[in-house]
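> I'd like to ask some things about the structure below.
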Amino acid sequence: MQLHPSGELLGTLARIAPGTELAEGLERIQRGRTGALIVLGHDEVVESICSGGFGIDIEFSPTRLRELAKMDGAIICDESGRRILQAGVQLMPDAALQTAESGTRHRTAERVAVQTGFPVVAVSASMQTITLYAVGERHVLETSERLLVRGNQAIATLERYRHRLDQVTSALTAAEIEDAATVRDVLAVLQRTEMVRRTSQDISRHVLELGADGRLLAAQHAELLAGVKTDNQMVLRDYPVLAGTDRDPVAALGRLEQVPDGLLIELDALLKLLVPQGSVGLDDPLTPRGYRMLSLIRTLPRAIGERLVENFSDLQLLMAASTSELMDVEGIGEQRARSIREGLARMAESSLLDRYL
């Protein structure tokens, strides 16, 4: 399974993304082929591991960062990154802290990040790399060119996944209307929605790291996600048998999001992970409760949808209900009842036309 960085690390990446002053300063240091060690925060703990250097407390600027990096020693900025507090500092973190790094600068950077809790940036003069250490994670910054290549590849993948998701969602809707849905149909939707979510998450990270250079990628990403109506939590509420023994859709959704990429593409393996007791097979018929279909009627409040499912128990009974039967549900008047019937009828007609024409 691909691991994704924490929210705190992503927040720090946004602070050093292209278009920011810190990114410009780091780029100047790289072009000058000098190394640097920059701590993005200052408190008593940071002060306790500092030795020597100069207290300057000046406003941050890319050119100042570049000039100060020419000296030996670390640069200490405030947590906001708007001021440079010290330069030429020798950092002496606890040597007992474990580190997998071999270079002196990077070993110091990782230990300082762990000991202080502040992000630390190490610029390697020899390798021409920038490494960020934050919240116990290590992240090597990539060039905008490489990030754009990877981002465009992810966009192409998302486009394919989105197309397939639309297909399997339409197939499930048609099967539900005909009362012919199977476990396979539902799992295909859960699978494809999760694949879209993971790819979208990767693209969001690329956009964040690209900063000002990621505007076009962000626009393409937003366009591809426009109109995605599938909500896996609603799907799992429709089919509680697929939510495991506890029948908890939120817990089942959490398990789905933790499924390794290699197993996600296999429906058999996915079924075993969601329903480990093996009580259902891929071709077993299922009847939806109606949560997903009702959520597609934009004018219908969620609370009303909940009451409808409670009263009619499954989608077939709901679609067969008359206006007067719908009006028996609390909060539904004649106008809303007609709107619900028309909304369900339109979806049924549209789905069947898509399937057979």
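Every read-out reported here was derived from the displayed coordinates using simple, explicitly stated rules and does not represent laboratory data. Source: prediction; values computed, not measured. No Cβ is skipped: glycine too gets one built from the backbone with ideal geometry, and neighbour counts run over all protein chains shown.
> Taking a quarter of the surface of the Cα convex hull of segment 145-274, what do you get in nm²?
The orientation-averaged projected area of the Cα hull of segment 145-274 comes to 8.2 nm².
> Which angle from 0 to 90°, rounded to the nearest 10, does the C-alpha axis of helix 144-177 make with the longest principal axis of the chain?
The answer is roughly 10 degrees.
> As I understand it, the value is the acute angle between the Cα axis of helix 302-312 and the longest principal axis of the Cα atoms of the chain; what does it come to in degrees, rounded to 10?
The answer is roughly 40 degrees.
> In whole percent, what relative contact order does segment 145-274 give with Cα contacts below 8 Å and a gap of six or more residues?
Relative contact order, segment 145-274: 26 percent.
> Compute the orientation-averaged projected area for segment 28-109 from the convex hull of its Cα atoms and round it to one decimal in nm².
With the hull built on Cα positions only, its mean projection is 5.5 nm².
> While we're on this one: If I take every Cα pair under 8 Å that is 6 or more residues apart in the chain, average their sequence separation and divide by the length, what percent do I get for the relative contact order?
It rounds to 14 percent for the chain.
> Moving on to the next point. Over the residues of the chain, compute the C-alpha Rg and express it relative to 2.2 N^0.38 Å.
1.33
> Let me know the whole percent of all Cα-Cα pairs from segment 56-182 that are separated by more than 26 Å.
46 percent
> Once the Cβ-Cβ distance between GLU27 and ILE265 is put in as r, and R0 is 45 Å, what FRET efficiency do you end up with, to the nearest 0.05?
After rounding to 0.05, the efficiency reads 0.70.
> Can you figure out the FRET efficiency of SER324 with ASP284, using R₀ = 45 Å and their beta-carbon distance, to the nearest 0.05?
Step by step, r from the Cβ atoms, then E = 0.80.
> Still on this structure, I have one more. Give me the Å³ per residue figure for the convex hull around the C-alpha atoms of segment 291-356.
So the per-residue Cα hull volume is 79 Å³.
> Let me ask you something else. As I understand it, the value is the acute angle between the Cα axis of helix 104-116 and the longest principal axis of the Cα atoms of the chain; what does it come to in degrees, rounded to 10?
60 degrees
> If each of ARG338 and ALA219 carries a label point 7 Å out from its Cα toward its Cβ, how far apart are those two points in nm?
Simple spin-label model gives 4.4 nm for this pair.
> Can you say what percent of the DSSP beta bridges in the chain, counting only those with both residues inside, are antiparallel? Round to 5.
Among the beta bridges of the chain, antiparallel pairing accounts for roughly 90 percent.
> Further question: I need the calculated FRET efficiency for the pair ARG64 and LEU97, taking r as the beta carbon distance and R₀ as 41 Å, to the nearest 0.05.
E between ARG64 and LEU97, to the nearest 0.05, is 0.85.
> Can you give the alpha-carbon Rg of segment 61-124 over 2.2 N^0.38 Å, where N counts its residues?
1.13
> Same structure again: Output the peptides 95-105, 166-176 sorted from most to least packed, where packing is the average of other Cβ atoms within 10 Å over each peptide's residues.
Ranking, from highest mean packing down: 166-176, 95-105.
> Another question, then. Ranking MET327, MET127, MET195 by Cβ neighbours within 10 Å, fewest first, what do you get?
MET127, MET327, MET195
> Can you run phi through the Karplus equation (6.51, -1.76, 1.60; θ = phi - 60°) for segment 10-26 and list ³J(HN,Hα) in whole Hz, with x for Gly and Pro?
3J(HN,Hα) across segment 10-26, in whole Hz: 4, x, 5, 4, 5, 6, 10, 6, x, x, 8, 5, 5, 4, 5, x, 5.
> Now a separate question. Compute for segment 234-357: radius of gyration divided by Kirkwood radius, i.e. Rg/Rh, restricted to C-alpha atoms, rounded to two decimals.
1.04
> Determine the calculated [θ] at 222 nm for the chain from helices alone, applying -39500 (n - 2.57) to every DSSP H run no shorter than 4 residues and normalising by the residue count; nearest 500 deg cm²/dmol.
Roughly -17000 deg cm²/dmol at 222 nm, from the helical runs in the chain.
> Diagonalise the Cα gyration tensor of segment 230-304 and give the resulting equivalent ellipsoid semi-axes, square root of 5 times each eigenvalue, largest first, whole Å.
24, 14, 11
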